[in-house]
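The values are calculated or read from the model by the stated rules, or taken from the named source; none is laboratory data. As the structure is a computational prediction, the values presented were derived from the model and not from experiment. Positions of Cβ are generated from backbone atoms using ideal geometry, with glycine treated the same way; all protein chains shown enter the neighbour counts. Accessible surface areas use protein heavy atoms only, side chains included; no ligands, DNA or RNA. Shrake-Rupley method; radii C 1.70, N 1.55, O 1.52, S 1.80 Å.
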Amino acid sequence: MKKCIKTALIALGMVSVFATAAYADGWTKENNQWVYYNTNGNLATNTWKTGSDGSYYYLGYNGVMVTSSFVDDERYVDSDGRMVTSAWRQIDGSWYYFDANGKLTKDHSKQINGVYYYFGDDGAMKTGWIESGTDYYYCDTENGAMVTNNWMHGTLPDDVSLTDDEDITDSDGLYWFYFLSTGKLCKGESGFKEQTIGGSRFAFDEYGRMRTGWVKMSSTTPTIAGYKYYNDKTSLGSYGAAHTGWLSTYPPEDEGIGTEVEWYYFDSKGTPYYGSDISTDDNDETLVAKLKHISSNGVTKTYLFNQYGNPVYGLRKVKRSNGTITSMYFGTKNESCLQLGDKNITEADGSTNTFLFDGSGYGYNGVKNNKLYYMGKLQKAVDDTYAYYTVGGTTYLVGKGGTLVKNHNKNKDSDSVEYKSNASGIRDGGYGTVSDLLVPEFVVTEVS
């Protein structure tokens, strides 16, 4: 009896062992293929399972581990079935990158080991020109590395059609482009975009092409204020950089601001110096006295620029900050800078006359060194031996040389004396009429 009971217990134990083995949860190899059994004894299908190495593996519809295949168009498993994570794979001739979660990188740029790459909507790494909305990128055709913070010398994207016929290519038929830190092509939207690169300023049009020469950055009054000049030759400085300092060149075309070579001066931002014309008469020109002090080779000179951006020369009519109108002299065209003191100046009408300019360069008004000046011009008798002139509300008597005539009263009978003056040369009786002031004949800017 005891023997029978013992035999029955042994049999029951063996059934229990086989049952546990049949329904074990885990991996096993069947027909040389890996499968995975759930706790209920069923094969795992269409799902991910982890292996003893901690990696993920995928079981297909038939329960067999998948190898060397995409899974749900998002992830990829290698030849050993392991899900690819944080790694590149070349598949059917294209390169793909899978993130730390095993997901395929799609339709955007991604920085990998310090280098940016761009992936299409199918996840394949792209090369050459890449369009994304209104943005463009460029990736090296050999290794796919995106151009960032760098220049590229090449052609436009194939799908870009120019709406202008302006030939701005280099001699080799190529353009210069610049790509930002994000890899985006630097370009204007509704005009030109200026970008500071390596401490210099460059201009790019709506196609991303670097521009040289005169570029209209904005519409302004005066017109020249909206322009900058970008070096079109290395002899002027860094090629393509906004010019600073002096430049002799033709003015911008088709703007009505001249066709002859002129001098221009550009500040540290590449903006040209310019002045303001407040004239109300087309035959006149009155410039606001906005003087610019420019140093070169240790020498500082003072300049006045007109509304066309050119330094003026000759005798000019200016309006001071206090509202008064006077003259300033800027020498010959080769000088074109402010002159001080006594000057013999050939005026616009061809006559040569004496002028006096104060320490700030403004034409002197009143008496100086026993001579009378108006707007800097010496007032002298012209048609007679003497003449009366009224300057600053006071009438003075002067002779042919412009010197004040003092204590003039040659005849005792005051009624017969034409010109009389006191000890200061100020009119003191006499019946002579006051002459019109001798007004300077100013140079006027002419635009041809």
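Expressed per residue, the C-alpha convex hull volume of the range 334-448 stands at 119 Å³.
Over all projection directions, the Cα-based convex hull of the range 102-175 averages an area of 6.4 nm². K290 exposes around 110 Å² of accessible area when a 1.4 Å probe is run over every protein chain in place.
With the whole protein complex present, Y117 retains an accessible surface near 40 Å², based on a 1.4 Å probe.
Taking only protein heavy atoms and a 1.4 Å probe, the accessible area of the range 241-398 is 40% carbon and sulfur. Cross-link partners for K400 among the lysines, with Cα-Cα distance under 21 Å and sequence neighbours closer than 8 places in the same chain left out: K343, K368, K371, K377, K380, K410, K420. Restriction of the GluC sites (Glu not before Pro) in the range 165-208 to DSSP coil positions whose beta-carbon has at most 10 other beta-carbons within 10 angstrom yields E166, E189. Only the Cβ atoms of Lys and Arg (+1) and of Asp and Glu (-1) were treated as charged; on that basis the dipole of the chain about its Cα centre amounts to roughly 2380 debye. Averaged over its residues, the chain has an accessible area of 55 Å² per residue, based on protein heavy atoms and a 1.4 Å probe.
Between V115 and D284, the modelled label-to-label distance comes to 7.1 nm, taking each label 7 Å out from Cα in the direction of the beta carbon. The convex hull drawn around the Cα atoms of the range 166-272, when projected onto a plane and averaged over every direction, covers 7.3 nm².
A Gaussian network model of the chain, with springs between Cα atoms under 10 Å, assigns the largest mean-square fluctuation among G191, G26, G154 to G26. In this simple spin-label approximation, S161 and N143 carry label points 7 Å from Cα along the Cα→Cβ vector, and these lie 3.8 nm apart. In this calculation the C-beta distance from D122 to D358 is compared with R0 = 60 Å, giving a FRET efficiency of 0.15.
For K126, the lysines whose Cα comes closer than 18 Å to its Cα, not counting residues fewer than 8 places off in the same chain, are K103, K106, K110, K184.
For the residues G213, G240, G102, a GNM of the chain with alpha-carbon springs under 10 Å puts the largest fluctuation on G102.
Largest first, the residues E347, E418 sort by 1.4 Å accessible area into E418, E347. All C-alpha to C-alpha distances of the chain, sorted into 20 Å bins beginning at zero, yield P(r) values of 18, 26, 19, 15, 10, 6, 3, 1, 0 percent in whole numbers. Potential lengthening of the chain between N322 and N297 amounts to 5.7 nm, from the contour at 0.36 nm per residue minus the alpha-carbon distance.
Considering only V398, S435, A381, the residue lying farthest towards the positive end of the dipole of the range 359-448 is V398, judged by Cα position with unit charges set on Cβ.
Against the empirical curve 2.2 N^0.38 Å, the C-alpha radius of gyration of the range 252-291 lands at a ratio of 1.42. Per residue, the chain reaches -1500 deg cm²/dmol at 222 nm when only DSSP H runs of four or more residues are counted, each adding -39500 (n - 2.57).
Enclosing the Cα atoms of the range 52-92 in their convex hull gives a volume equal to 84 cubic angstrom per residue. Counting only aspartates and glutamates at least 8 places from K29 when in the same chain, those with an alpha carbon closer than 20 Å to its own are D53, D78, D80.
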